[in-house]
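Laboratory data are not the source of any read-out in this text; all were calculated from the coordinates shown. Keep in mind it's a predicted model, so treat the numbers as computed, not measured. Cβ placement follows ideal geometry from the backbone for every residue including glycine, while neighbour counts extend to all protein chains displayed.
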Amino acid sequence: MPTRVRYLVLAVLCLAATMAYIHRSCISVPAASMQADLALSDTQMGWIMSSFFLGYTLFQIPGGWLGDRLGTRSALTLFAIVWSLATGMMGLTRSFEWLFTLWILNGVAQAGIFPCAINSFTRWFPEAERALPSGLLGAFMSVGAATASLVAAGLLHIVAWPQCFLILAAPGILFAIGFYLWFRDRPGAHSWVNAAEIRYIESGNTERRLRGGGDETFWRELLAQPGIYLICGQQFFRAACYIFYVTWFPSYLQEARDVSVAESGLLTSLPLLGVVAGSTSGGVIIDRIWRRSGSRRLSRRGVGLFAVLAAGGFLLLAQIMPDLKLAVVCIIASGFFAGMSGPAGYTTTIDMAGNRVATVFSIMNLCGNAGAFLLPLVVARLRWDVVLIFLAALYGCAAILWGLLFIEKEPLTASATARETASGA
């Protein structure tokens with residue numbers, strides 16, 4: 001009987017994602033108090049809050065490369081210690097320059113989380129089970145973002161904002177220590193894993209492309225794949241649409257739909273919950289299609305194409321709905337299908353990456369962050385009555401790229417043995 005330690009590994013990596021998103025999002029609640037106590041201008045506070053994404057974006061590829069070189073155990077431990085220390089030290093400094101630098105450092109340290117986690121999924125899960133972990137990882141990202149405001153608000157009822165940052169840092173340090181002591185990069189190195197689980201994981205995997213080799217050979221092989229440009233492009237458009245819900249969506253509700261500030265805060269969380277449900281459901285569906293068909297084209301690319309088309313379609317429906325409740329239901333549905341497309345993108349990237357999963361995933365994530373950076377700037381110049389149409393058009397662009405991926409040759413031919421193992425265990 002195979003052990004199931006891989007699911008405990010999944011839980012630990014999802015916990016890492018949740019903690020990271022709590023740390024990156026916790027600044028929003030005490031921001032006003034920080035600004036008043038330290039006499040910061042609106043511009044200075046804006047730069048501090050944006051500095052995270054500067055470090056996060058710039059360190060995507062170096063973070064992925066470091067994850068490939070050191071392995072997830074060492075790299076993620078280092079990342080967790082650094083981002084936790086950076087969070088805690090926010091409560092010890094009083095200058096704009098140090099706050100700005102520390103929040104950049106937080107972004108730098110968090111840049112390698114998802115490349116490392118996705119890389120571990122390729123080692124701990126057979127091919128037929130990788131979509132669900134990828135979907136859950138994306139789901140817990142949104143769980144962490146939603147939890148951050150609750151945790152920070154609760155702490156601020158008890159302590160001042162400097163102590164809030166210090167308290168939030170402590171669990172991150174403890175997690176890093178526990179993670180290094182318990183986690184292993186490969187199942188065969190973990191004492192809790194039996195031989196049956198190792199055989200199950202290894203027999204369910206097909207031979208990988210883009211083997212290590214030299215850096216020059218790797219980059220030449222990678223850049224020769226048309227699919228890498230398509231998968232990065234769809235991530236650019238999808239991430240741009242996602243960031244709308246955590247930036248301009250409350251303003252849209254207030255100004256375009258005459259919603260109160262309090263009600264807009266509640267409604268803003270609903271599309272994110274849709275993303276959580278969609279990410280999880282997408283992982284289950286993708287794995288099920290793969291087990292039945294053995295086709296990456298149908299299971300990854302087919303689901304990705306359908307999901308972004310549905311996400312854009314529901315936004316168009318929301319645009320024409322005069323009733324607020326029906327419009328919000330359509331927007332939640334759009335978030336659900338947008339979340340479903342996430343694990344499709346992650347597993348497709350794994351298919352292309354060979355033995356450099358962390359590096360290739362970081363390239364895709366870099367493109368997504370570029371879209372997330374640009375979208376708020378573009379929306380600021382649009383009328384509210386065209387914003388949802390614009391977002392639907394972005395999903396349409398993502399659908400075109402998924403369509404090109406769908407008709408492209410599959411990166412690997414699934415073996416009968418892999419399919420039989422996937423469906424039988």
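Averaged over residues, the count of other Cβ atoms within 10 Å places the peptides 33-39, 153-159, 228-234 in the sequence 228-234, 33-39, 153-159, highest first. Using equal-weight Cα scatterers in the Debye expression, the normalised intensity of the range 289-411 in log10 at q = 0.19 Å⁻¹ is -1.09. Diffusion coefficient of the range 320-390 by Stokes-Einstein, Kirkwood radius over Cα pairs, 37 °C, 0.692 mPa s: 222 µm²/s. Modelled this way, with points 7 Å down the Cα-to-C-beta line, the labels at ALA160 and LEU223 are 5.3 nm from one another.
Computed over the range 83-175, the Cα gyration tensor eigenvalues convert (square root of 5λ each) into semi-axes of 31, 16, 10 Å, ordered from largest to smallest. Largest first, the three principal axis extents of the alpha carbons in the range 5-203 are 61, 33, 26 Å in whole numbers.
Where in the chain is the longest stretch that carries no GluC sites (Glu not before Pro) classed as loop by DSSP and with at most 14 other Cβ atoms within 10 Å? In the chain, the maximal stretch lacking such sites is 1-206. Counting only the Cα atoms, the range 220-266 fills a convex hull of 74 Å³ per residue. For LEU136, the shell of other residues with beta-carbons less than 12 Å away shows a net charge of -1, using +1 for Lys and Arg and -1 for Asp and Glu.
Each Cα pair under 8 Å and six or more residues apart adds its separation to the average, and for the chain the resulting relative contact order is 25 percent. Based on every Cα atom in the range 134-202, Rg and the maximum pairwise Cα distance Dmax equal 17.9, 53 Å. Projection of the Cα convex hull of the chain, averaged over all directions and equal to a quarter of that hull's surface, yields 20.2 nm².
Rounded to whole numbers, the Karplus 3J(HN,Hα) couplings from phi for the range 131-143 are 5, 4, x, 5, x, 5, 4, x, 5, 6, 4, 5, 4 Hz, using 6.51 cos²θ - 1.76 cosθ + 1.60 with θ = phi - 60°, and x at Gly and Pro. In this structure, SER203 and LEU58 have a Cβ-Cβ separation that, at R0 = 56 Å, corresponds to a calculated FRET efficiency of about 0.90. The smallest convex shape that holds all Cα atoms of the range 215-424, its convex hull, gives 120 Å³ per residue. Neighbours of ALA80, meaning other residues whose beta-carbon lies under 13 angstrom from its beta-carbon, give a summed charge of +2 when Lys and Arg score +1 and Asp and Glu score -1. Full extension of the segment from GLU97 to SER251, taken as 0.36 nm per residue of separation minus the current Cα-Cα distance, would add 52.4 nm.
In the chain, the calculated helix contribution to ellipticity at 222 nm averages -26500 deg cm²/dmol per residue, counting -39,500 (n - 2.57) for every DSSP H run with n ≥ 4.
Just round it to a whole percent: the fraction of Cα-Cα distances in the range 5-53 exceeding 16 Å.
When every Cα pair of the range 5-53 is considered, 53 percent fall beyond 16 Å.
Shape annotation for the range 240-350: C-alpha extents along the principal axes are 49, 22, 19 Å, from largest to smallest.
Give, as a single signed number, the net charge of other residues whose beta carbon lies under 15 Å from the beta carbon of PRO343, with Lys and Arg counted +1 and Asp and Glu -1. Charge balance in the 15 Å sphere: +3. Model label sites at ILE177 and ARG288, defined 7 Å from Cα along the beta-carbon direction, differ in position by 4.4 nm. Computed on the Cα atoms alone, the convex hull of the range 48-128 gives a volume of 89 cubic angstrom per residue. Peptides 334-347, 275-288, ordered by how many other C-beta atoms sit within 10 Å of their residues on average, highest first, read 334-347, 275-288.
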